[in-house]
Amino acid sequence: MTFRQFPATRMRRMRKDDFSRRMMRETTLTVDDLILPMFVQEGEQRRDAIPSMPGVERLSLDLLLEEAAELSELGIPAIALFPVIDAEGKTLHAEESYNANGLIQRSVRALKQAHPELGIITDVALDPYTSHGQDGILDDEGYVLNERTVETLIKQGLSHAEAGADFIAPSDMMDGRIGSIREVLEREGLINTRIMAYSAKYASRYYGPFRDAVGSTANLGKADKSTYQMDPANSDEAIHEVAMDISEGADAVMVKPGMPYLDVLHRVRNELQVPTFVYQVSGEYAMHMAAFERGWLDERQVIMESLACFKRAGADGILTYFAKRAAQWLKQA
Ligand code: PBG
């Protein structure tokens, strides 16, 4: 394409007025794009702050239900649930993860009963349930065993689906888990349970505050997750992971973290053309909040900019701890 040159072309003409800026806006953020990750804990009327995530709280189920009513009222399509498991519930083999009456399973049932219109996404991974904080079951050397872990993930995923989860979201990064879980769901007649695969999930240090929130930081110690999560240096590998998860039966895929990985998001969306979600993770939230608290960045403008940029990069939806605030602002606008 040959462009006419200045002054025939003045890029600022279309930028001059609000109406023409609106006319040429290429992407728009709506409430339909927003998914709120939430932390649920045992107890009643129990609400605990997470120091590294100011403004995010761990809620007992009764309070979570109240919050869900507000989120649904705001038009948020779905929430993603994460459990805070007490020390007694954490074991070497993560048996609590597939307890039909476990915290997540009870929460899903209660949420679907109270707010059937609100989509519920559950995390399939063992880290909140293991005494060592890894996402799987270890051998004697501390290596996460693939097939042994997948066996447990199948049980966990099935228990979530049976409780009524709309989406199960494996975030463990074991090989073959999507296919194995899909096969069991089909066999059990749970044909409409959707799978959102954390496909391009990186071994990122931006998950630190999340690990504080679910109480796995101390258990994990100095260990990391780089034998199963992806190397931040890679992007072709993300395409490979996503293609595998789709071929194994995932309905949607995810890129995680978000802002430092917009190129990966863009590639996945453009090269594979499947529903692609992005997770603006706990560390991204913490960085933003730290700057807002110091008055270094404008909270509302910066949050909305960060979310709009995910849309521009190709996201079909965004898991973000800012979802409620953003939904409120979109409603006011
Ligand atoms: C569990 C899981 C993690 C996150 C979502 N699911 C942590 C991890 O992999 O260590 C991180 C979310 C966030 O940082 O907000 N496998």
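Summary of computed values
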quantity: Farthest positive-ward along the range 198-317 dipole, Cα basis, beta-carbon charges - from Ala290, Ser204, Leu265; calculated: Ala290
quantity: Computed E for Met1/Leu272 - FRET, C-beta separation, R0 25 angstrom, nearest 0.05; calculated: 0.40
quantity: Quotient of Cα Rg and 2.2 N^0.38 Å for the range 207-333, N being how many residues it contains; calculated: 1.15
quantity: Highest average packing first - 324-331, 105-112, 229-236, 150-157, Cβ atoms within 10 Å; calculated: 150-157, 105-112, 324-331, 229-236
quantity: Values of log10 I(q)/I(0), in the order q = 0.12 Å⁻¹, for the range 189-242 under a Debye, Cα-only, solvent-free model; calculated: -0.40
quantity: Accessible surface, the range 181-274, averaged per residue in Å² (probe 1.4 Å); calculated: 46 Å²
quantity: The range 92-116 residues near the modelled Val31 label - backbone nitrogen below 18 Å, point 7 Å along Cα→Cβ; calculated: 115-116
quantity: Debye, to nearest 20: dipole size of the chain, +1 on Lys, Arg Cβ, -1 on Asp, Glu Cβ; calculated: 1980 debye
quantity: Karplus-derived 3J(HN,Hα), 6.51/-1.76/1.60, for each residue of the range 144-155, Hz, glycine and proline x; calculated: 6, 6, 5, 4, 4, 5, 4, 4, 6, 4, 4, 4
quantity: 20 Å reach of a label modelled at Ala233, 7 Å along Cα-to-Cβ, counting backbone N of the range 193-213; calculated: 200-206
quantity: FRET efficiency for Glu88 and Met14, using Cβ-Cβ distance with R0 set to 45 Å, rounded to 0.05; calculated: 0.15
quantity: Computed over the range 128-185, Kirkwood Rh from alpha-carbon pairs, angstrom; calculated: 11.9 Å
quantity: Most to least accessible of Phe277, Phe310, Phe6 (protein chains only, probe 1.4 Å); calculated: Phe6, Phe277, Phe310
quantity: Square roots of five times the Cα gyration tensor eigenvalues for the range 1-154, Å; calculated: 44, 23, 14
quantity: Sequence of Met24, Met53 from largest to smallest accessible area, 1.4 Å probe; calculated: Met24, Met53
quantity: Full-stretch length increase - Asp316, Asp224 - with 0.36 nm per residue and alpha-carbon distance subtracted; calculated: 30.2 nm
quantity: Kirkwood Rh and Cα Rg combined as Rg/Rh, the range 81-151; calculated: 1.05
quantity: Positive minus negative residues near Asn146 (Lys, Arg vs Asp, Glu; Cβ under 13 Å); calculated: -4
quantity: Antiparallel content of DSSP bridges confined to the range 90-211, in %, to 5; calculated: 20 percent
quantity: Ranking by accessible area, most exposed first, for Phe292, Phe3, Phe322 with a 1.4 Å probe; calculated: Phe3, Phe292, Phe322
quantity: Over the chain: helical MRE at 222 nm, DSSP H runs n ≥ 4 each giving -39500 (n - 2.57), nearest 500; calculated: -12000 deg cm²/dmol
quantity: Within straight-line cross-link reach of Lys256, lysines at Cα separation under 19 Å, skipping those fewer than 8 residues along the same chain; calculated: Lys201, Lys225, Lys311
quantity: Radius, Kirkwood style, for the chain when every pair of distinct Cα atoms is counted (Å); calculated: 20.7 Å
quantity: Largest to smallest principal axis extent of the C-alpha atoms in the range 37-114, angstrom; calculated: 40, 31, 21
quantity: Antiparallel bridges, percent of DSSP beta bridges restricted to the chain (to nearest 5); calculated: 10 percent
quantity: Binned Cα-Cα distance frequencies in the range 243-285 - 10 Å width, integer %; calculated: 29, 52, 18, 1
quantity: FRET E, pair Leu297, Gln328, Förster distance 22 Å, beta-carbon r, rounded to 0.05; calculated: 0.75
quantity: Cα-projected label distance for Glu305 with Arg21, points at 7 Å along beta-carbon direction, nm; calculated: 1.2 nm
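The values are calculated or read from the model by the stated rules, or taken from the named source; none is laboratory data. Quick caveat, the model's predicted, so the values are computed rather than measured. Virtual Cβ from ideal backbone geometry, glycine too; neighbours counted across all protein chains shown. When the accessible area is computed, the model is the full protein with side chains, heavy atoms only, and any ligands, DNA or RNA have been set aside. Shrake-Rupley method; radii C 1.70, N 1.55, O 1.52, S 1.80 Å.
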